[in-house]
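Working notes for the structure below.
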Amino acid sequence: MKVEAQNEVGKAAMVGEPNHPQGKPARRWWIVVLALVIVAAIVVSGILPRIHARANLDKDTAQMAIPTVSVVRPKRGAPAQEAVLPANVQAYIDAPIYARTNGYLKHWYADIGTHVKAGQLLADIETPEVDQQLRQSRADLATAEANLNLSKITATRYADLLKTDSVSKQDADNAAGDFAAKQATVQSAQANVRRLEELQALEKIYARFEGVITARNTDIGALIDSGSSGGTRTELFHIAQPDKLRVYVNVPEAYSQAAKPGLSADLALSEFPGRLFPGTLVRTAHAIDQTTRTLLVEIRVNNPTNTLLSGAYAEVHLKLPTPTSAFILPVNTLLFRSEGLRVAAITDGRHAELRQVTLGHDFGSEVEIVAGLSGNESVIVNPPDSIVAGEGVRIAQPATGSGESQQ
């Protein structure tokens, strides 16, 4: 009976749940799929941020690898530039005055600072030896003239006697020869007298041109030595003509081709602050001094009121023309490479280009570029030594209010 009851119960169970063995595997499949989805979501949510972070890191690294540079635009050079050079101011005519005869100074008539005219008497010299020599030479001349007269009479008589054969031909020739010799002696004596008269005339010292006495190196009673006997010459006076001035300037070789006659130049002196005196370049030496590597030029300055003093130190503001294609750049834009001087220029806004340039004049903090630039470039300031042609760069944006300084 128990057996039958159990069988009935089993049948009833089979009849009430006919699909249970088939639904259990389907439910497990959905659980597995759901678990996989959850795991995939967890994995993806952990990996994607890392991928994005790595991509951002690579992007930032690439951006940081591009150097940020400051740039400056080349400034076109002025058509004329001013070179300030040291100079010495000299009088247009400047000469020492020496004595041409020996003696003692008897009197002087002009002291330092005296304005004298051409031919004005400056001093008298006593020359007793010259005076005595002149008297002796005149006496010798008188003797020679007396001998000449006697010789002339004798030669004339012998010439008349020779016509009647009263004297021999030899005696007549001797008389004629003696007369010619006496003539030469008289001429020699006359020349000696004129020489001593000229020496005596040099007892008076005259100004050879109009000017100012800048030095008097003698006084009354001083021994005057002309140097004719091997002694040391004595400079009596020094005279200068200051109404026109010569200013000599040593122009550096870099400016030598621009320094041409006719250029204007202004003189600045410390004793006249803020005042310039106009002048003109009149001539050059046409040769470079191998010691100083400079060109000597002369500047003419008119000084009618004698405001400027000869011998003064001055600064010459020389206005030199420059090439029209010249540009001005700061010195910290230059790159010194083994292949030559370069600058790093940017033309497309993103890449550097190395340009070979030729320097002109050096102004200290700036230099003149005479070749290699067109003026449309942006030149990198303080370029890195490792920069190469075609390298990408980023131009730094100027701060507010600094755009004018960047330009």
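The values are calculated or read from the model by the stated rules, or taken from the named source; none is laboratory data. What you see is a predicted model, and the numbers here were worked out from it, not measured in a lab. Every residue, glycine among them, receives a Cβ derived from its backbone with ideal geometry; neighbour counts consider all protein chains shown. Calculation scope for accessible area: heavy atoms of the full protein, side chains included, ligands and nucleic acids excluded. Shrake-Rupley method; radii C 1.70, N 1.55, O 1.52, S 1.80 Å.
Before we move on, is Arg275 among the charged types (D, E, K, R), farther than 15 Å from Asn88 by Cα and open to solvent by 60 Å² or more (accessible area, probe 1.4 Å)?
The answer is yes for Arg275.
Would you check if Ala240 is crowded, with 18+ Cβ neighbours inside 10 Å, modelled with pLDDT of 90 or more and not in a helix (DSSP H, G or I)?
Yes, satisfied.
Please determine, by comparing only the residues of segment 295-306 that are out of contact with any Leu (no Cβ under 9 Å at 6 or more places or on another chain) and touching a residue at least 24 places away in the same chain (Cβ under 8 Å), which one is least open to solvent (accessible area, probe 1.4 Å). It would help to see each step written out before you state the result.
Taking segment 295-306 as the starting set, the residues that turn out to be out of contact with any Leu (no Cβ under 9 Å at 6 or more places or on another chain) are 295-296, 304-306.
Going one step further and asking which of them are touching a residue at least 24 places away in the same chain (Cβ under 8 Å), we end up with 295-296, 304, 306.
On the way: Leu295: 11, Leu296: 75, Pro304: 108, Asn306: 55 Å².
Out of the qualifying residues, it is Leu295.
Kindly establish whether Leu318 is part of a strand (DSSP E or B), of a type outside the set (Lys, Arg) and open to solvent by 70 Å² or more (accessible area, probe 1.4 Å).
When the stated conditions are applied, Leu318 does not pass them.
Please tell me if Ala118 is within 16 Å of Lys204 (Cβ to Cβ) and assigned to a loop (DSSP other than H, G, I, E, B). If you could, list the steps in order and put the result at the bottom.
Values: within 16 Å of Lys204 (Cβ to Cβ): yes; assigned to a loop (DSSP other than H, G, I, E, B): yes.
For Ala118, the condition - within 16 Å of Lys204 (Cβ to Cβ) and assigned to a loop (DSSP other than H, G, I, E, B) - is met.
Give the residues of segment 125-150 that are closer than 18 Å to Lys106 by Cβ and surrounded by fewer than 17 Cβ atoms within 10 Å (Cβ to Cβ), sorted by residue number.
Glu126, Pro128, Glu129, Asp131, Gln132
What is the one condition in (1) modelled with pLDDT of 80 or more; (2) out of contact with any Leu (no Cβ under 9 Å at 6 or more places or on another chain); (3) surrounded by 17 or more Cβ atoms within 10 Å (Cβ to Cβ) that Gly360 does not satisfy?
Status for Gly360: all satisfied but (1).
Conditions (1) closer than 29 Å to Gly231 by Cα; (2) aliphatic (A, V, I, L, M), marked per residue:
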position: Thr114; (1), (2): no, no
position: Val130; (1), (2): yes, yes
position: Arg135; (1), (2): yes, no
position: Ala144; (1), (2): no, yes
position: Thr156; (1), (2): no, no
position: Lys169; (1), (2): no, no
position: Gln187; (1), (2): no, no
position: Lys204; (1), (2): yes, no
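Are any residues in segment 199-215 under 13 Å from Tyr98 (Cβ atoms), touching a Leu at 6+ places or on another chain (Cβ under 8 Å) and surrounded by fewer than 17 Cβ atoms within 10 Å (Cβ to Cβ), and if so, which ones?
Scanning segment 199-215 gives a single hit, Tyr206.
Consider Asn302 against the criteria (1) within 19 Å of the chain's Cα centre (by Cα); (2) under 22 Å from Gly113 (Cβ atoms); (3) among the polar types (S, T, N, Q): it satisfies all of them except one. Which criterion is unmet?
Every listed condition holds for Asn302 apart from (1).
For segment 55-93, give me the residue count where each residue is of a type in the set (Gly, Ala, Ser), buried (at least 16 other Cβ atoms within 10 Å of the Cβ) and at pLDDT below 75.
Here the count works out to 1.
Can you find a residue in segment 216-234 that is touching a His at 6+ places or on another chain (Cβ under 9 Å), assigned to a strand (DSSP E or B) and open to solvent by less than 70 Å² (accessible area, probe 1.4 Å)?
Yes - at least one qualifying residue is present in segment 216-234.
What is the number of the single condition among (1) under 22 Å from Thr127 (Cβ atoms); (2) open to solvent by 60 Å² or more (accessible area, probe 1.4 Å); (3) not in a helix (DSSP H, G or I) that Ser166 does not meet?
Tallying (1) under 22 Å from Thr127 (Cβ atoms); (2) open to solvent by 60 Å² or more (accessible area, probe 1.4 Å); (3) not in a helix (DSSP H, G or I), Ser166 fails exactly one: (1).
Criterion first (assigned to a helix (DSSP H, G or I), closer than 30 Å to Ala91 by Cα and in contact (Cβ under 8 Å) with a residue 40 or more places away in the chain) does Ala254 satisfy it?
Working: assigned to a helix (DSSP H, G or I): yes; closer than 30 Å to Ala91 by Cα: yes; in contact (Cβ under 8 Å) with a residue 40 or more places away in the chain: yes.
Against the criterion (assigned to a helix (DSSP H, G or I), closer than 30 Å to Ala91 by Cα and in contact (Cβ under 8 Å) with a residue 40 or more places away in the chain), Ala254 qualifies.
Looking only at segment 323-356, which residues are among the small types (Gly, Ala, Ser) and closer than 13 Å to Ala389 by Cα?
Result: Ala344, Ala345, Ala352.
What's the total number of residues in segment 362-379 that are in contact with a Ser or Thr (Cβ under 8 Å, 6 or more places away or on another chain) and not polar (S, T, N, Q)?
Adding up the residues that qualify gives 7.
Quick one: which of Pro323, Pro398 is modelled with pLDDT under 75, closer than 13 Å to Val72 by Cβ and either assigned to a loop (DSSP other than H, G, I, E, B) or open to solvent by 70 Å² or more (accessible area, probe 1.4 Å) (or both)?
Working: Pro323 fails: closer than 13 Å to Val72 by Cβ.
Being modelled with pLDDT under 75, closer than 13 Å to Val72 by Cβ and either assigned to a loop (DSSP other than H, G, I, E, B) or open to solvent by 70 Å² or more (accessible area, probe 1.4 Å) (or both) holds for just one of Pro323, Pro398, which is Pro398.
Looking for something among the aliphatic types (A, V, I, L, M) and surrounded by 18 or more Cβ atoms within 10 Å (Cβ to Cβ) - is there at least one such residue anywhere in segment 284-294?
So far as segment 284-294 goes, no, none of its residues is among the aliphatic types (A, V, I, L, M) and surrounded by 18 or more Cβ atoms within 10 Å (Cβ to Cβ).
Can you spot a residue in segment 181-189 that is touching a Lys or Arg at 6+ places or on another chain (Cβ under 8 Å) and under 30 Å from Arg157 (Cα atoms)?
Checked segment 181-189: at least one residue is touching a Lys or Arg at 6+ places or on another chain (Cβ under 8 Å) and under 30 Å from Arg157 (Cα atoms).
Does Phe277 meet the test of being assigned to a loop (DSSP other than H, G, I, E, B), hydrophobic (A, V, I, L, M, F, W, C) and at pLDDT 90 or above? Reasoning before the result, please.
Numbers: assigned to a loop (DSSP other than H, G, I, E, B): no; hydrophobic (A, V, I, L, M, F, W, C): yes; at pLDDT 90 or above: yes.
So Phe277 fails the test.
Which is β-branched (Val, Ile, Thr) and touching an Asp or Glu at 6+ places or on another chain (Cβ under 7 Å), of Val130, Val89, Val84?
Details: Val130 fails: touching an Asp or Glu at 6+ places or on another chain (Cβ under 7 Å); Val89 fails: touching an Asp or Glu at 6+ places or on another chain (Cβ under 7 Å).
Going through Val130, Val89, Val84 in turn, the sole match is Val84.
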